[in-house]
Each structure stands twice: as C-alpha cells, then as structure tokens.
Amino acid sequence: METTMTETRTEHDSLGALDVPRDAYWGVHTARALGNFTISGERIGQYPALITALASVKQAACQANRELGLLDEGRAEAIEAACAEIRGGALHDQFPIDPIQGGAGTSTNMNANEVIANRALELLGHERGGYAELDPLDHVNLGQSTNDVYPTAVKLAVIGHIRQLVAALERLAGEFERKSAEFADVLKMGRTQLQDAVPMTLGQEFATFAIMLREDCARLEEGTALLREVNLGGTAIGTGINGHPLYPALACARLSELTGEQVVPAENLIEATQDCGAFVQVSGILKRVAVKLSKTCNDLRLMSSGPITGLREISLPPVQAGSSIMPGKVNPVIPETVNQIAFEAIGADMTVTMAAEGGQFQLNAFEPIIAYSLLRTTAHLTAAADTLATKCVNGITAHRDHLESGVHRSIGIVTALTPHIGYAASARIAKHALHTGQPVAEVATELGLLAPEAVAELLAPHRLAGLPD
C-alpha cells in the first residue's frame, strides 16, 4: 500500500506532537526514526523474513496475553488478524525505517507496534491513529520490550535465511556431485603448494567440493539450534518486569506453533538478554562457508586459467565478453563474483564480533548492525551459491587429453614407485626425468630399477588415483 503525503494526522509521544501521513499505518515513533536514521539507503521492509518474524512474535504475544486474561477478545482478535496479514506479506511497505539504527532495535519494534495497531484499528472499524481504542504500546506491546521482541525476531529471521542458504548450498553440492560422476575417469595431477603432487581424478576433486559444502550445511543446522533459544518474556533486562510469570513459556509455545520452529525460553533470561554469543557463533559459521566457497572458486579459476598458456584443466562456461580491448577474451566472472561476496561475509563477521563485544551490562545496543550483517550475509551467500551452481558449475567441461598427458609427463608419479625401490632411487628417477624431459616410466626402465611390466602395473591410472582394481 502506497503512502501519500498530501494529508496528515497528528500523533503524540513523550517528546511531543508530530504530523504523520494520514494514510500511513506507521505513526509518530516511526516518523522520528525516519528523520534520525538515514544510513544505508535500505529499509527494514526489504527484509521480509524480519518483518514476518516480528509479526509472528507479536501474534504469539497477543495469543499468550489473551489466554492469560490480560487482553480482551475484541482487541486480541484484531491484533491477531493484523499480524496474520503481515505474515502473509501485506503491509511490508509500511516498514520504512533504516535497518541500521540506534536504540537496540526500539525503532523497529515501535514500527511493528504502530503498523499492527493501525491495521487492527481498521479491522475494528476505527480510523488510523485512534489509539484510545487500541494502543500500539498498551495493547500490541503488552508484556513486551524491544529487548526481548527484537532479538527473538532477529533469531527467527536469521533461521529462515539459513534454511534458504542450506538449500542453495545443497543445490550447489549436487552440481559438484554430478560433475564428479561425469569426471570420474579423468586422471589429473593433484597439487600441493602449486607444485605437482600425486595423481587423482578430476571426479575426486569435484567430489571434495561437494563434501566441503555439505559439512558446512551440517554446521549451519547446528547453528539454528542455538538461535531457537530466546529471551522472550524477559522484557527490559530479563527480570520479566511488567510481565506475567507464565507468559515466557506460553508465548514461546505459541510462537513455535506459528513458525514451525521449536522456540524455547532461555534458562536464564537475564543472561540471554545481554548475551549475543549465538549470533557470534552463527556468524563464524557463515564466515566458514564464505572461506570455503572462496577457496573453491580460487581453484576453479586456477584450473580454468589460460585458455592456452595457463593450466587449462577445465573450461568454465562463457557468460559474457571479458574485455573492452582484448577481442575474444573471456573471464571467470562468476567465481570472481562469489569471491567478492565471500570477502564481504568475512568482513561482516568482524562487524558482528565487535558489535557483540561492544555490549554493556544487561543489554547490547548494537543488535541492529548484527541483524543487518547476518541477514545480508545469508542472503548474499545464498545468491552466490545459486549463481555458482547455475551459471558456472553445471557447464564446466574437462580437457581430458591435456590432463592425462600432464600426468604422464609429471615427475610426481614417481611417488608410486617409492615403496618398491626406495626414496633415494625414486628421487634419482625424478631428477633424471626433470633434467632430460623423459617420462618417469621410461627413466625407471632405462636405469634398470624396475622391469617394464612392473612399471606399467605400478603406474596404472587406477592405482595412481587410489581407485579399486
């Protein structure tokens, strides 16, 4: 719903009166935040997972308050209906404030309270701003504080983003596995420290990429378990002031039903209100994902280097022209993009770390930048994984003959002879082969160290790659 600025209504807060657009669902608190925080050029409404999570928390709180006899049926029904609409995707344009804000997320909580209240007022047949009938703070925010609502909503939003990231990583792993099967018989040289090591198959190399990703999926799942422990019901600092003693467990139960996530109250709500350890842990896992994605992309770029004078092991699918001056040049732009997203994620982890460390006493005022960093990181990593899968990995081809030729020309295969002739003799073969350019197999026979039949058996491709006979 679009907000016009032609007519206004006057609302009041503890600082005084302020005009807001008549048809806006947000109110005075949101209006002040709009004037105070013009930082990122973004708005919280651009993060649907956060808005949906906020509405879910508010709806669960409303249900708990109604069951405890603290909120009358009429207001409760209207508040629940408004929350359900927002959870369904409505009114997200009515969340215009910047995600980077002071106040530990108070502006975000106020924005939610006002939008829900004004939509509930409409459903009850009243005008927006008629808070005598239903108030954003006294009714929508009943038994709550920003300090328990906001971190709970952020945790739910991050869980949702992690689910999407895991799905994208699984899709990418699937593409690597498909290529692994396609390249199962492609022999190549492995490398350590950019030098020839010992042989392997290209299929083994691509299978490793998939395994690395799936390990991170498991770690991300573990991280979501930490996020499902919340401080909802702790109100201001975790003591539960102004809240019903049964509210924390009841609100978490209702929130679990609404979201499908098994949300539980923290064992100690005071600790949970000030401790951002779960966010730090999850951020560290996201950094781990970013580091391994970036390392994988480094490998893909090196393996595809050339196309003539580089390693030229594989070709990445060409997706766009690579140069404004060099005709025919094609660059590995998809892996390069993923590298950059990884760099961003690694930097965001430092932001989360410092924000968590910067808290004082019973609250961390810097959770908005934590939320912003985690939501952006997860969203960008999800897009990166999907882009890498669909625009790059699924179209990779192998230079089979070039790879196999490299194995037979490499001195690294002499390692396979060491158990039979010893290290010193193998080193002698390697030095001779490197000096003369002769294949290792030829040198081993020429020096009389092994019979041709033995050399052929020991240097058989399946033996070199550690594959079964």
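Brief remarks follow.
- Number of residues in segment 6-23 that are in a loop (DSSP other than H, G, I, E, B) and under 13 Å from Gly35 (Cβ atoms): the value is 1.
- Within segment 102-121, the residues that satisfy the criterion of being open to solvent by 10 Å² or more (accessible area, probe 1.4 Å) and either under 26 Å from the mean Cα position of the chain (by Cα) or among the small types (Gly, Ala, Ser) (or both) are Gly102, Gly103, Thr106, Ser107.
- Scanning segment 375-429 for residues being polar (S, T, N, Q), surrounded by fewer than 20 Cβ atoms within 10 Å (Cβ to Cβ) and touching a strand residue (DSSP E or B) at 6+ places or on another chain (Cβ under 6 Å) gives a total of 2.
- Residue match in segment 328-335 (condition: basic (Lys, Arg), in the same structural domain as Leu232 (by the TED database) and out of contact with any helix residue (DSSP H, G or I) (no Cβ under 9 Å at 6 or more places or on another chain)): yes
- Among residues of segment 7-33, those that are of a type outside the set (Ser, Thr, Tyr) and more than 15 Å from Pro136 (Cβ to Cβ), counted: 8
- All positions within segment 193-244 that are β-branched (Val, Ile, Thr), within 30 Å of the chain's Cα centre (by Cα) and open to solvent by 10 Å² or more (accessible area, probe 1.4 Å): Thr208, Ile211, Ile237
- Filtered residue count, segment 361-373, keeping only those that are crowded, with 24+ Cβ neighbours inside 10 Å and under 17 Å from Arg43 (Cβ atoms): 4
- Unmet criterion (only one of (1) touching a residue at least 60 places away in the same chain (Cβ under 8 Å); (2) outside the structural domain of Thr351 (by the TED database)) for Ala120: (1)
The values are calculated or read from the model by the stated rules, or taken from the named source; none is laboratory data. Model, not experiment: these values are computed from the prediction. All Cβ positions, glycine included, derive from the backbone under ideal geometry; neighbour counts span all protein chains shown. Side chains included, ligands, DNA and RNA excluded: accessible areas come from the protein's heavy atoms. Shrake-Rupley method; radii C 1.70, N 1.55, O 1.52, S 1.80 Å.
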